[in-house]
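Below you'll find the structure, written out as structure tokens, and then a few comments.
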Amino acid sequence: PHIVFEAILLDPESGEPASTLADPSNDIDGIDATFKLVALCNVLMGQKIRPNDVKREGIRNITPKMIQEAKAESTRYRLVCSAERLDDDRGSVDARVELRRVKLESPFAALQGASSAVGFVTDVLGPVTLTSTDPTTKDTAYGLLSDSLIALSDAQ
């Protein structure tokens, strides 16, 4: 599996590591993505979910064969966070972090390195996608500060 991770964590264009973390386990296991999804659900969807409420799958079990099959079918694997409001009396959400195959024409397929995207399905505009290309440590620090302030205000 170690060889597979190296292949996945290298930027396919430059061959440079896509993650500069000393221990990329939080990325590999979808933990970092889970915390980001929880923040988005709680802020944008008015939820009060916790990381344990998210169904989580990382990229740890991906194999070279899976990557080859995806390439042959003009798709790519991406770690996708999704949240869908359920049609129940409580207004709960089905929140997931999972490995998915996306078509090459999807905006998610074009992401490289540490870039990310969020897609919204709206009732008026249809799907809207926002991307963050090659975020800097300043972007990450701002996001952490913002998430912390929101969490603190919610706790009061």
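The values are calculated or read from the model by the stated rules, or taken from the named source; none is laboratory data. Note that the structure is a prediction, hence the values are computed from the model and not measured. FYI the Cβ positions are ideal-geometry reconstructions off the backbone, even for glycines, and counts take in every protein chain you see. What goes into the accessible areas is simple: the full protein's heavy atoms, side chains included, and nothing from ligands, DNA or RNA. Shrake-Rupley method; radii C 1.70, N 1.55, O 1.52, S 1.80 Å.
The table for this structure:
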item	result
Identity of the residue in region 12-33, β-branched (V, I, T) and surrounded by 13 or more Cβ atoms within 10 Å (Cβ to Cβ), that ends up modelled with the highest pLDDT	I31
Region 40-72, residues that are part of a helix (DSSP H, G or I), over 15 Å from R96 (Cβ atoms) and among the hydrophobic types (A, V, I, L, M, F, W, C)	V43, L44, M66, I67, A70, A72
Region 95-110 - residue that is of a type outside the set (A, V, I, L, M, F, W, C) and part of a strand (DSSP E or B) and, of those, farthest from A33 (Cα to Cα)	K103
Unique residue being open to solvent by 80 Å² or more (accessible area, probe 1.4 Å) and touching a Leu at 6+ places or on another chain (Cβ under 9 Å) when the list is R100, R85	R100
Selected residue (criterion: modelled with the highest pLDDT) from residues of region 67-78 that are among the aliphatic types (A, V, I, L, M) and open to solvent by less than 60 Å² (accessible area, probe 1.4 Å)	A70
Near pairs, Cβ below 7 angstrom, 6+ apart or cross-chain, from region 79-93 (assigned to a loop (DSSP other than H, G, I, E, B)) to any residue that is of a type in the set (S, T, N, Q) and at pLDDT below 90	L86/S92
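To keep it simple, each residue is scored yes or no on (1) within 19 Å of S82 (Cβ to Cβ); (2) open to solvent by less than 100 Å² (accessible area, probe 1.4 Å).
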{"site": "F35", "(1), (2)": "yes, no"}
{"site": "L40", "(1), (2)": "yes, yes"}
{"site": "V43", "(1), (2)": "yes, yes"}
{"site": "G46", "(1), (2)": "yes, yes"}
{"site": "P51", "(1), (2)": "yes, yes"}
{"site": "V54", "(1), (2)": "yes, yes"}
{"site": "K65", "(1), (2)": "no, no"}
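Condition check ((1) among the aliphatic types (A, V, I, L, M); (2) surrounded by 15 or more Cβ atoms within 10 Å (Cβ to Cβ); (3) over 13 Å from K36 (Cβ atoms); (4) modelled with pLDDT of 85 or more) across all residues:
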position	(1), (2), (3), (4)
V93	yes, yes, yes, yes
Q112	no, no, yes, no
G126	no, no, yes, no
L130	yes, no, yes, no
K138	no, no, yes, no
G143	no, no, no, no
D147	no, yes, no, no
